[in-house]
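Inspection log for the structure reproduced underneath, given as structure tokens.
The values are calculated or read from the model by the stated rules, or taken from the named source; none is laboratory data. Given the structure is predicted, the values throughout are model-derived calculations rather than measurements. Cβ placement follows ideal geometry from the backbone for every residue including glycine, while neighbour counts extend to all protein chains displayed. These area figures cover heavy atoms from the full protein model, side chains too; ligands, DNA and RNA do not enter into them. Shrake-Rupley method; radii C 1.70, N 1.55, O 1.52, S 1.80 Å.
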Amino acid sequence: LFPDSFEESALGLIPKGWKVGTVGEEFNLTMGQSPPSSTYNENGDGIAFYQGRRDFGFRYPTIRVYCNAPTRYAKYGDTLVSVRAPVGDINLAHEKCCIGRGLAAIRHKTDSRSYTYYSMLNLNDDFATYESDGTVFGSISKQSFSDLTRIVPAKLIIIKFENLTYSLDQTIENNENQSRTLANIRDTLLPKLMSGEIRVKEAETIIKE
């Protein structure tokens, strides 16, 4: 699949037949917008809301706040990129969610989820320049984000990469789902077991259900 030679480009030597492009040319980019704070809640009213990277985890954010009047959305599987202090932290949307002004949602125009995620990780050095440009709080605008240059492989390479990595990423997601389910069971049942509200046999029945 890979060319057997290189050619010159604006970014130096790149594989023959590949090209230099921008994020805006290759990806669909949605910048977050924060709804009024009066629409936030922690009781599950509305959809998950992420203002910035505060709730980011190893790969997926943890829902802490909901919003009942969302304005900008990320789709399930979109890559979430922190665009304000710090710039460039990355997670994946675990569900359709509302994103505030501290985040952007991005997806490659082929809908390749894994390729998008790893492409954003590969822009780490570019994002770092917006953290060290002399301002007190780093940030990157939609235009600057869209204008970031990158090497663009042939479409066949992107498709093959997605086919190889998606199943691995899906395994990670399945493990994450299982971990969250077990944590929820623990947090629900352990206090009741400790207080004597229910007995072990009752807990086993609840888990089976």
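Compare the Cα positions of P70, L29, L103 along the charge dipole of the chain (+1 at Cβ of Lys, Arg; -1 at Cβ of Asp, Glu; about the Cα centre) and return the one farthest towards the positive end. Of P70, L29, L103, it is P70.
Just to check, using Stokes-Einstein with a Kirkwood Rh over alpha carbon pairs, what's the diffusion coefficient of region 1-124 at 25 °C and 0.890 mPa s in µm²/s?
157
Kindly point out which whole DSSP H helices in the chain project their C-alpha atoms 18 angstrom or further along the helix axis while averaging a Kyte-Doolittle hydropathy of 0.5 or above.
Helix filter hits for the chain: none.
Simple point charges give the picture: +1 on the Cβ of Lys and Arg, -1 on the Cβ of Asp and Glu, and for region 34-145 a dipole about the Cα centre of about 280 debye. A simple packing score, the average count of other Cβ atoms within 10 Å per residue, orders the peptides 108-116, 190-198 as 108-116, 190-198, with the highest score first. Summarised in one figure, the compactness ratio Rg/Rh of the chain, Cα atoms and Kirkwood Rh, is 1.08.
At a 1.4 Å probe radius, carbon and sulfur cover how many percent of the accessible area of the chain? Carbon-and-sulfur percentage of accessible area, whole number: 52. May I ask you to give the solvent-accessible area per residue for region 48-196, in square angstrom, as obtained with a 1.4 angstrom probe? With the other protein chains kept in place, region 48-196 gives 52 Å² per residue. Using only side-chain charges placed at the Cβ, +1 for Lys and Arg and -1 for Asp and Glu, the dipole size of the chain relative to its Cα centre rounds to 380 debye.
For the pair L1 and D111, the difference between a 0.36 nm per residue extended length and the Cα-Cα distance amounts to 37.5 nm. Considering only L123, G196, S179, the residue lying farthest towards the positive end of the dipole of the chain is G196, judged by Cα position with unit charges set on Cβ. Can you flag which of K75/K155; K19/K75; K75/K142; K16/K142 are past 25 Å Cα-Cα? The answer is K19/K75; K16/K142. Within the straight-line cut-off of under 14 Å between alpha carbons, the aspartates and glutamates reachable from K192 are E202, E204, sequence neighbours fewer than 8 places apart in one chain being disregarded.
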